[in-house]
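Chemist: Please find one structure pasted underneath; my questions will follow.
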Amino acid sequence: MHDLFDPGLWPEHINDDIRQQIIATNPSNFDNIFKMRKAISKDCNGKIFSEFLLYTKSSNNREKYPRDWLIYSSSKKTLHCFPCLLFSENLTESIKSRSVLVKRSGFSPKTIPWKKLYGRLPLHENSETHRTCYCKWKNVQQSLFGFGVDSQLQKTILSEAEKWKAILKRLLDVTLFLASRGLPFQGSSTKIGEVNNGNFLGILELLGRYDEVTRDHLATVEKYQNKGESMKGKTHYLSWMSQNEFISLCGESIASELLKALERHKIPLADCRA
């Protein structure tokens, strides 16, 4: 059974999806290990885990910073480097570290005393492997929690997709309204704001008075029309061709549903012969 909080129970092979789940599950390793530091096992000499090991000093030795990359396995009673355990598998052999903190076995106080970490931790955190994996971890973390470039791009894409879904829903509703009443769609003009631009555009203009999505969309199209600029290559779904396509698609959908209904209520051939 996999426990994303416990590195000793992580799956043997970690793909990108699992890696993101683990990172999302462990937003603050330091908070977790700080809370459980008293429960961390004693070493082979009976010594307790020192809180001092949770921090690293600045270059001027005047400040200390939390080692947010340390993570403890409650099941295996071992200490690990969180980013190296997640990302070192994909590194080239030339920069892979031999540090026990990178390995699945981890640093085990059952066989190695805690005092050995005073020298090993600085060596590990200054290694090329750790620096590379740490940067990879922070990039994914920032992306997942809404601070990275990827995250912003994803939000923009989703926002744009939702906008177009909302626009198409309104256009479809207007199409169904006019078609159900047998009303004409097009007028003698295709310009936004003109009284003879037809029922389709006219109803959308009415909706736009109360609906921001419709109003913004019509305003964008109207801006191009007023400037006399072509909207060729720009999506707007307001042309007579789009209107005809909406009508055609609605007709096909209705015909399909009618055929399915007839098929469901079809009398079996054997009953007809009887």
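Chemist: In whole percent, and with a 1.4 Å probe on the protein chains, what portion of the accessible area of the chain is carbon and sulfur? Don't jump to the answer; show the numbers that get you there.
Modeler: Values: 9660 of 17680 Å².
That fraction is 55 percent.
Chemist: Suppose the chain between S50 and H13 were pulled fully straight at 0.36 nm per residue; how much longer would it get relative to their current alpha carbon spacing? Before the final figure, lay out the partial values.
Modeler: On the way: separation 37, 0.36 × 37 = 13.32 nm, distance 3.19 nm.
The S50-H13 span can extend by a further 10.1 nm.
Chemist: Mind pulling the angle between the C-alpha long axis of helix 16-25 and the longest principal axis of the chain? Nearest 10 degrees, somewhere in 0 to 90.
Modeler: For 16-25 against the chain, the angle is about 70 degrees.
Chemist: Show which aspartates and glutamates lie in cross-link reach of K110 when reach means a straight Cα distance below 17 angstrom and same-chain residues fewer than eight apart are skipped.
Modeler: D43
Chemist: Plugging the Kirkwood radius over Cα pairs into Stokes-Einstein for the chain, at a temperature of 4 °C and a viscosity of 1.567 mPa s, what D comes out in µm²/s?
Modeler: Estimated via Stokes-Einstein, D reaches 52 µm²/s.
Chemist: Would you mind estimating how fast the stretch 1-145 diffuses translationally, via Stokes-Einstein at 4 °C and 1.567 mPa s with the Kirkwood radius over Cα pairs, in µm²/s? Working shown, then result.
Modeler: On the way: Rh = 15.6 Å.
Answer from the Stokes-Einstein relation: 83 µm²/s.
Chemist: Here's another thing I want to ask about it. When the helix-only estimate is applied to the chain (DSSP H runs of n ≥ 4, each -39,500 (n - 2.57), divided by the residue count), what is the mean residue ellipticity at 222 nm, nearest 500 deg cm²/dmol? Mind showing how you got there, number by number?
Modeler: Numbers: 10 runs with 138 residues, N = 274.
Result for the chain, helices only: -16000 deg cm²/dmol.
Chemist: Right, something else. Could you work out the relative contact order of the chain, using alpha carbon pairs under 8 angstrom and six or more residues apart, expressed as a whole percent? Show your work: numbers first, answer last.
Modeler: Values: 272 pairs, mean separation 32.0, N = 274.
Relative contact order of the chain: 12 percent.
Chemist: Take the alpha-carbon positions of the stretch 1-77, form their convex hull, and give its projected area averaged over all directions (one quarter of the hull surface) in nm². Walk me through the numbers on the way to the answer.
Modeler: Values: hull surface 27.0 nm².
Averaging across all directions leaves 6.8 nm² for the Cα convex hull.
Chemist: Any idea what the dipole of the stretch 172-267 comes to, in debye rounded to 20, about its Cα centre with Lys/Arg Cβ at +1 and Asp/Glu Cβ at -1?
Modeler: Charge dipole of the stretch 172-267: 120 debye, to the nearest 20.
Chemist: Each label point is 7 Å from the Cα along the Cα-to-Cβ direction; what then is the distance between the points at H236 and S159, in nm?
Modeler: Each label point is offset 7 Å from its Cα along the Cβ direction, giving 2.3 nm.
Chemist: Rounded to the nearest whole Å², what accessible area per residue is found for the chain with the 1.4 Å probe?
Modeler: Working: 17680 Å² over 274 residues.
Here the residues of the chain average 65 Å² of exposed surface.
Chemist: Continuing with this model, one more query. Once you wrap a convex hull around the alpha carbon atoms of the stretch 159-215, what is its projected area averaged over all directions, in nm²? Before the final figure, lay out each step's value.
Modeler: On the way: hull surface 16.2 nm².
Result: 4.1 nm².
The values are calculated or read from the model by the stated rules, or taken from the named source; none is laboratory data. What you are looking at is a predicted structure, and each value in this text was computed from that prediction instead of being measured. Here the Cβ is made from the backbone with ideal geometry for all residues, glycine too, and neighbour counts use every protein chain on show. Each accessible area value is taken on the protein alone, full model and side chains, heavy atoms only, with ligands, DNA and RNA left out. Shrake-Rupley method; radii C 1.70, N 1.55, O 1.52, S 1.80 Å.
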